[in-house]
Structures are given as C-alpha cells and as structure tokens.
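The values are calculated or read from the model by the stated rules, or taken from the named source; none is laboratory data. Model, not experiment: these values are computed from the prediction. With ideal geometry, Cβ positions are generated from the backbone for all residues, glycine too; neighbour counts draw on all protein chains shown. Note: areas computed on protein heavy atoms with side chains; ligands, DNA, RNA excluded. Shrake-Rupley method; radii C 1.70, N 1.55, O 1.52, S 1.80 Å.
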Amino acid sequence: VAMATDIIESWPGYREIPPRLNITREVLDRQLDAGLGGRTAFVFDSGSITYEALGNQVNALAGGLTARGIGKGTPVLIRLPNCLEFAVSFLALVKIGALPILQNSLLGPDEVAYVRDHSDAEAAITLAPIADPVRAISDRLPKGVIVAHGAEDSESRFEDLIAAPPGAVVGTADTDAHEPAFFVYPSGTTRRPKGIVHAHRWVIALGDTNKLRIPPEDTDIAMATGEWSFISALGHNVLFPLRNGITGAILEGRASPDNVLAKIEQFGVTLLYSVATVYRRVLAMDGVEKTYNLSSLRGCNATGEALEAATYEEWQRRVGCDVWEHYGLSEMQLIFGQGPRWPVR
C-alpha cells in the first residue's frame, strides 16, 4: 500500500457536489455540450456508436418511456446482459428521473419476482432470449414490458422506441443530488438481497475517485468482465468512461479467458477491470501472451477477491503491465485502491 505521507494532488472542485445533479446530464449531456459528439462512446461486436448517436437513442427512448407513463420516480426493472441496450435503457431512465432496478440477468423466475415485488417495479426492459421470467410476472408490471430482439404482440418493441427520428428533445430531469438515481440488487448469498439505493451524487463522489486513482487518457478504451448489473462493472465500464469522455468496450457473451483476451485484442482495450480468478485462469494458458496481442493494455484492475503477489508478478512479467488492486462493495463502489500513481510496496 502507499505510505500515508504520499500526497496526491486532486483538482479544484474535486468531489464537490452541486445541489442539482442528474447522472445522465453529467455523463452524456455534458460531453455533447462540450463538442465530443463525434467521439466513440462504445465499441462492440457488431460495430460502434458515437456520443451523438448514443444521445439520440437515449433521447428517443426517454420520449417513448414518457409516453408510456414512465416518469420521475417510476421503478423499472432492467434484465439485460452487457449490451448497448443496457446503456441506452439505463441512461434514458435516469434522464427522465425514473429508477433503474438492476439485477443479474441470469437469475431465475423466483429471484426476478422477488425483486419486482421488493422494488415495486412498474415496468421492465429485457431481451427476448431471457424474457420468460419477466413475462411470467407481466400482470404485476402495469406500465408494460419492453423487449429487444423479439417482442411479442402484447409488448413494446425496443427497436421502435429508439428509432424515433431526431426531433423534440426530451429534457433531462432536474433532480436533487441526493435523490435516488438507481437501485442495485446484489447476489444475496446469505439471504434475500436488499435493494441498495444510489443517489445522483454517486457519479461525482465515486467518479472523481475513479479519475484520481487512474487518470484517464483520451485514447483509453475501458472494459469490465463483470455484468453491468454489478456496481463495479457499471461504473468502470459505462458511467465513468462516459463521464471521462473515453470509450467503453462491451464484452458480450461469457467472460471466459479466451473471450476476454479476444476482445482486448479486437478492441484495443487499454484498461481492463476484472477479478483475480480471471487473471489466474489466463496465466494458466501456456504461451497466452504470444497467442493474443495484449500490447494495448496500459493497466489492469483486480477486485472481488485478494490478488496474490505471485499472480501480480507473473502478469507483470508475461503481459508487461501492472494489475492495480482495489476494494469496494455494492453499497460504495470503491473504498480504496491502488493505481498507477501509488506503486506497490
């Protein structure tokens, strides 16, 4: 760990939270106002999307949600894997002051029903291949079910909602910094999980900590191996990259070592966020550093479990970059962490 005498300078306004704040305004509207619309917001298997195009989809979906009676304070269940639809849905809901309710997309019908009842969700957004648990409780979702890639007749098509031609701009809700912005439901390993509420202030309080720990570079491409329903991956792969004006890479499919490595090479990932187990599994692959081009990486991050010294040293020797360790939890995102400005001692 760094010595207590090591002082790292922040910047004027560091973690100063204004009284009125909206996460979508902070991570998207401000980038568009600053003229960054042409920058790439996300890269994924089928292509990429700019900040401007992302803003258009978010605006269109916000209008469609509003037309369906979803507005400020409406809880909406998001059952989506890491995909562009997740980012657009989350940002559109927060934009209008609605409350995204996040839970792992692999959970079964009982868990989905529990979260619906516990959160009082009034609508849901999902993909057709994983929609069955949501469809089973559609009678408890009075403001409807929105489905991408295969909606049924009784459901709203996600594709229709984001295809609205650019026109009337939906205003971003004027929310208090301390108002709830979204809910996270952790795995509930010991008992039924509780919904963890995060306010709009989170994006500055933890977003500034993210920038201080790992100062962003304009060419950065960040990717997390965890699902965005978990607070760490949501922050490090979606909201913090957008707030920093850089690019997020979307890991679609399983977080197997081969898939992770292929996406690092395909997208030119510079910042990877994962867990120690993934790094150990990668290092167990003989000659992996010669099989995949990992030269784009300028740093990796490990959380979720202890990173052993042997793993850190072997990764550094074979791959050629550091693994920075950080500790957090669903209630806080980041408690403390090491980064490029705090060498391991």
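General observations
- Identity of the residue in region 36-52, open to solvent by 50 Å² or more (accessible area, probe 1.4 Å) and small (Gly, Ala, Ser), that ends up farthest from Gly253 (Cα to Cα): Gly38
- Spans of helices (runs of 4 or more DSSP H) in region 201-316 with at least 2 residues free of Cβ contacts under 8 Å to residues at least 60 places away in the same chain, surrounded by fewer than 23 Cβ atoms within 10 Å (Cβ to Cβ) and more than 20 Å from the chain's Cα centre (by Cα): 257-267, 276-283, 288-291
- Any hit, region 155-162, residues being open to solvent by less than 30 Å² (accessible area, probe 1.4 Å), over 23 Å from Asp33 (Cβ atoms) and of a type in the set (Asp, Glu): yes
- Of all residues in region 17-64 being among the β-branched types (Val, Ile, Thr) and in contact (Cβ under 8 Å) with a residue 60 or more places away in the chain, the one that is nearest to Ala164 (Cα to Cα): Thr24
Conditions (1) at pLDDT below 95; (2) closer than 30 Å to Ile204 by Cβ; (3) among the aliphatic types (A, V, I, L, M), marked per residue:
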| residue | (1), (2), (3) |
| --- | --- |
| Gly268 | no, yes, no |
| Tyr273 | no, yes, no |
| Thr277 | no, no, no |
| Arg280 | no, no, no |
| Ala284 | no, no, yes |
| Arg298 | no, yes, no |
| Leu334 | yes, yes, yes |
| Gln338 | yes, yes, no |
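- Test: residue in region 34-55 that is of a type in the set (S, T, N, Q), at pLDDT 95 or above and within 10 Å of Leu242 (Cβ to Cβ): no
- Within region 178-200, the set of residues being of a type in the set (D, E, K, R) and exposed (fewer than 15 other Cβ atoms within 10 Å of the Cβ) comprises Arg191, Arg192, Lys194.
- Scan region 288-345 for residues that are under 28 Å from Phe182 (Cα atoms) and either touching a strand residue (DSSP E or B) at 6+ places or on another chain (Cβ under 6 Å) or not small (Gly, Ala, Ser) (or both) and the total you get is 21.
- Scanning region 58-73 for residues that are in a loop (DSSP other than H, G, I, E, B) and either open to solvent by 10 Å² or more (accessible area, probe 1.4 Å) or on the phi > 0 side of the Ramachandran plot (or both) yields Arg68, Gly69, Gly71, Lys72, Gly73.
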